[in-house]
Number of protein chains: 2
Amino acid sequence: MTAMQQAYDVYEDRCPTRLVLDRLADKWALLILDRLKGGPMRFNHIRRDIKGISQKVLAQTLRKLERNGLLSRTIFPTVPVTVEYALTPLGRTLTDTVSALTHWAEKNMDAIFAAQRAYDEAYPG
Amino acid sequence: MTAMQQAYDVYEDRCPTRLVLDRLADKWALLILDRLKGGPMRFNHIRRDIKGISQKVLAQTLRKLERNGLLSRTIFPTVPVTVEYALTPLGRTLTDTVSALTHWAEKNMDAIFAAQRAYDEAYPG
DNA sequence: TTAGATAGTTTCCAATAGATACCAAGGAGA
DNA sequence: TCTCCTTGGTATCTATTGGAAACTATCTAA
């Protein structure tokens, strides 16, 4: 928490922070993290909630987030089996930032779409 | 700024916010936005600074960010030609959030790498 | 004349994303 | 018993994207 905080340069190749950013900067991961803020959820529940995500990508993204310590995976031997995903304490430290991003997007959507229209008119094709 | 802020559901398919998030949740875009906080920069300057980015991906990402109104592209008829990229006011409203993300990554790097090691030991192969 | 800078584009191959089908284990309904 | 439904995934296939390297054009300096 004290020293060595500036030992890395984000713009350096092979910077460890880059590796972290690489795994975070992903639309689905952000949506999943934001979704789990409300409490643990099961695989198919997440899949139905986040419309448009495929099973493969959901499974991959969940495993990636689990591997990075942001969420936990708990199996309950019910029938059919229940698998619950929940934010870890580490994951919870991230959700405020993630929410800030999604809320920025929501708030500035109109400005962005206006910019896109202006750009596409200025450079057609 | 007042009403209709909750008219969209981020988890809905075809939600406009999703389209925005899609363009933002990208490692290179985040690094570029963070880099431009310090003032305007030219193409090759950015390329040298953000080590490891290819010319193609840099050009693509810059054009994407320009199209979304987050940065401006100014051509100076010098020789050789100078092209300057700068944050727009809209882009500047985003950089605080982006910085929060990169700083979170920097701060929690060690915890993440520890989690990765633990995971890889628990599930080898 | 050759090398360097400017800001890209083009080409090619590998990696990823997404859609779809499939799997096993069991419960409920007919 | 047969079939469909659920659970949480994996397997397969194709389309899109990512990255490395080479190429473009114009001009300057050595």
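The values are calculated or read from the model by the stated rules, or taken from the named source; none is laboratory data. In this text, all values refer to a predicted model and were calculated from it rather than measured experimentally. Glycine gets a Cβ as well: all are built from the backbone with ideal geometry, and neighbour counts include every protein chain shown. Just the protein is used for accessible areas: all its heavy atoms, side chains included, with ligands, DNA and RNA removed. Shrake-Rupley method; radii C 1.70, N 1.55, O 1.52, S 1.80 Å.
If I filter the range B:23-57 down to residues being away from DNA strand D (no atom under 15 Å from the Cβ), within 12 Å of B:Val98 (Cα to Cα) and assigned to a helix (DSSP H, G or I), which single residue comes out as most open to solvent (accessible area, probe 1.4 Å)? Among them, the one singled out is B:Arg35. Here B:Phe113 clears all of (1) among the aromatic types (Phe, Trp, Tyr); (2) at pLDDT 90 or above; (3) surrounded by fewer than 20 Cβ atoms within 10 Å (Cβ to Cβ) except the condition numbered (2). Considering B:Tyr119, B:Tyr123, the condition of being at the interface with chain A (Cβ under 7 Å from one of its Cβ atoms) and within 16 Å of DNA strand D (Cβ to nearest atom) is satisfied by B:Tyr119 alone.
Annotation: of all residues in the range B:72-107 being closer than 15 Å to B:Val20 by Cα and surrounded by 19 or more Cβ atoms within 10 Å (Cβ to Cβ), the one that is nearest to DNA strand C (Cβ to nearest atom) is B:Gly91.
The criterion of being free of Cβ contacts under 8 Å to residues at least 12 places away in the same chain, of a type outside the set (A, V, I, L, M, F, W, C), within 16 Å of DNA strand D (Cβ to nearest atom) and surrounded by fewer than 20 Cβ atoms within 10 Å (Cβ to Cβ) holds for B:Arg63. For beta carbons closer than 8 Å, sequence separation of 6+ or different chains, a first residue in the range A:78-92 that is away from chain B (no Cβ under 14 Å) and a second that is near DNA strand D (Cβ under 7 Å from one of its atoms) and open to solvent by 90 Å² or more (accessible area, probe 1.4 Å), the qualifying pairs are A:Thr82/A:Arg42; A:Val83/A:Arg42; A:Val83/A:Arg73; A:Glu84/A:Arg42; A:Glu84/A:Arg73; A:Tyr85/A:Arg42; A:Tyr85/A:Arg73.
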